[in-house]
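Comments concern the structure below.
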Amino acid sequence: MRDCACWRFIIFIMHSEIIAVGSELLSFGRIDTNSVDISSRLAGIGISVRYKQVIGDRIADMSQAISLAMDRSEIIFITGGLGPTNDDITREAVADALSMELKEDEQVVLELERLYRKWGRRMSENNRRQAMVPEGALVLPNLNGTAPGLFLHEGEKLIFVLPGPPRELNPMMKNQVIPLIKKNKRVSDRPFRLLKIASVSESALDARIEGIYKDYPDVDTTMLSSPGVISLYFTWRADNGDQVHAKACLDQLIGRIDAELGISVLTDREEDMQDTVGRLLNEKGLTLALAESCTGGLICKMLTDVPGSSEYFMGGVVSYSDTVKENVLGVSSSDLKEYGAVSAKVAEQMALGVREHLNADIGLSVTGIAGPGGGTDEKPVGTVFIGLSGAGTCQSWSVRALGGRGIVRQRSANQALDQLRKWLLTGG
Ligand code: AMP
Ligand code: MG
């Protein structure tokens with residue numbers, strides 16, 4: 001029995017490692033986001049990443065990094081350096097580290113020639129470098145670019161060599177790499193659920209739900225915070241293979257948290273605030289107009305990021321100056337003087353003005369102090385007023401957004417849309 005338990009333990013500890021290649025990732029150019037995307041995909045099948053390395057375009061350094069990974073990890077992902085130019089040397093480094101020959105793959109050359117013909121361009125000689133494949137490697141077709149990926153199965157180790165551009169890497173990871181891992185290693189899908197929570201601070205949220213998620217020791221709870229919205233990820237941790245039991249437990253956990261948080265739960269889908277608000281407006285057949293001061297058009301941008309938003313979004317006015325607030329939106333000049341541009345009165349008049357001006361069912365407004373200057377004792381940086389005008393109603397809310405200028409603006413945008421969402425849900 002003891003041996004059996006020990007064997008299970010050994011099987012399920014799988015060390016994976018990511019090597020991100022590119023000198024630009026070590027200097028001012030780019031951040032390595034590929035390793036974040038790869039780790040998220042791996043979490044879905046219960047594989048955690050033990051190590052990450054970021055290596056410049058030097059063959060000796062890369063070769064050393066690959067040898068180190070081969071010594072300590074069972075699954076290795078190498079991204080980047082598969083382009084056609086001379087600084088793209090990942091293929092050579094892999095061949096060097098694994099003592100393999102590189103050979104031109106005829107099928108890959110034909111595919112590259114086909115692609116260039118399709119684009120009406122002549123394939124240059126250096127593109128043939130992308131057809132160099134270590135012996136024994138499986139070529140992973142790239143449907144979104146020219147550099148194919150590579151898969152090597154060396155003893156117990158799986159090695160994936162993947163293109164650097166995220167739009168090429170991510171579909172390859174989802175459609176080819178994950179299925180290959182599932183085929184070659186004993187892994188199973190880990191059910192997971194997501195809940196997004198709006199306008200609640202991380203500490204307040206944790207205080208309210210800690211007593212619930214701690215009742216589920218087989219579930220990993222992860223909190224990812226962004227300004228105005230917190231994402232809660234619940235991932236099944238235990239590897240007992242009983243998916244029905246896992247899903248039932250996750251459903252129960254989600255149900256309890258949903259009941260505790262009520263209207264603060266934004267969504268259980270992979271969607272943003274503007275998607276949820278857009279869906280509600282669509283369902284109710286209502287149109288919206290925006291008057292933005294401190295958010296400078298950010299909310300209009302968020303709303304129009306959603307395809308089909310022209311169904312409900314009429315447009316907006318960036319009323320950054322008092323003159324525009326007064327002359328375009330009809331805010332009273334004496335109220336501007338008496339209460340200031342950042343005030344409940346002005347927020348309400350901005351919302352009313354834009355609703356009437358743009359002939360919308362609802363007007364939403366934001367006015368605040370984004371900082372770093374402009375704050376006073378009475379109205380410190382981060383003081384924000386949100387106004388809402390609908391048929392027969394005009395109201396406002398005051399919020400305090402903490403953080404730098406960018407965070408204050410993003411938080412204000414999400415909170416304004418969240419006030420609208422709550423108003424719509426409670427019968428607006
Ligand atoms: P490469 O395959 O090295 O030619 O990389 C092509 C492009 O992919 C680079 O210009 C980067 O912009 C991008 N890229 C490469 N590696 C990464 C990475 N780890 N994370 C995000 N982007 C990357
Ligand atoms: Mg590169």
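Here are the numbers:
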| item | result |
| --- | --- |
| Mean-position separation - Cα centroids, segment 327-374 and segment 169-243, in angstrom | 41 Å |
| Compactness relative to 2.2 N^0.38 Å, alpha carbon Rg of segment 341-382 | 1.39 |
| Kirkwood-based shape ratio for segment 273-423, expressed as Rg/Rh from alpha carbons | 0.95 |
| Additional length obtainable on full extension of the chain from Ser188 to Leu138, 0.36 nm per residue less Cα span | 15.7 nm |
| Heavy-atom accessible area order for Ser188, Ser201, Ser16, largest first, 1.4 Å probe | Ser201, Ser188, Ser16 |
| Translational D in µm²/s for segment 252-330 (Stokes-Einstein at 37 °C, 0.692 mPa s, Kirkwood Rh from C-alpha pairs) | 225 µm²/s |
| Size of charge dipole - the chain - debye, nearest 20, with Cβ of Lys, Arg +1 and Asp, Glu -1, no other charges | 320 debye |
| Per-selection Rg to Rh, segment 199-337 - Cα, Kirkwood hydrodynamic radius | 1.13 |
| Net lengthening on full extension, Thr376/Arg72 (0.36 nm per residue, minus Cα-Cα) | 103.8 nm |
| Surface per residue (accessible, 1.4 Å probe) for segment 192-267, Å² | 47 Å² |
| Cα principal axis extents for segment 12-184, largest first, Å | 48, 33, 31 |
| Ellipsoid semi-axes in whole angstrom, largest first, where each is sqrt(5λ) of the Cα gyration tensor of segment 131-280 | 37, 21, 12 |
| Where Cα atoms sit under 30 Å apart: lysine pairs in segment 12-184 separated by 8 or more or lying on different chains | 16 |
| Accessible area (Å², 1.4 Å probe, nearest 10) - Trp119 | 110 Å² |
| Scattering profile of the chain at q = 0.07, 0.13, 0.14 Å⁻¹ [log10 I(q)/I(0), Debye over alpha-carbon scatterers] | -0.50, -1.10, -1.15 |
| For Leu286, solvent-accessible area (1.4 Å; no DNA, RNA or ligand), Å² | 40 Å² |
| Choice from Val244, Val94, Val200 with maximal GNM fluctuation in the chain (Cα, 10 Å cutoff) | Val244 |
| Accessible area in the full protein assembly, largest first, 1.4 Å probe, for Phe28, Phe160, Phe385 | Phe28, Phe385, Phe160 |
| Largest-first ellipsoid semi-axes for segment 301-349, taking √(5λ) over the Cα gyration tensor eigenvalues, angstrom | 28, 10, 9 |
| Accessible-area value, Lys422, 1.4 Å probe, nucleic acids and ligands omitted, Å² | 50 Å² |
| Segment 82-163, accessible area per residue, ligands and nucleic acids excluded (1.4 Å, Å²) | 52 Å² |
| Candidates Pro166, Pro372, Pro134, ranked by Gaussian network fluctuation over the chain, Cα under 10 Å, top entry | Pro372 |
| Stokes-Einstein D (µm²/s) once Rh is taken as the Kirkwood radius of segment 192-267 over alpha-carbon pairs, at 20 °C in 1.002 mPa s | 169 µm²/s |
| Heavy-atom accessible area ranking, 1.4 Å probe, most first, across His357, His245 | His357, His245 |
| Assigned charges on the beta-carbon of Lys, Arg, Asp, Glu; segment 1-142 dipole about Cα centre (debye) | 480 debye |
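The values are calculated or read from the model by the stated rules, or taken from the named source; none is laboratory data. Nothing here was measured: the structure is a model prediction, and the numbers come from that model. Here Cβ is always computed from backbone atoms with ideal geometry, including for glycine, and neighbour counts include all displayed protein chains. Surface accessibility is based on the protein's heavy atoms, side chains included, excluding ligands, DNA and RNA. Shrake-Rupley method; radii C 1.70, N 1.55, O 1.52, S 1.80 Å.
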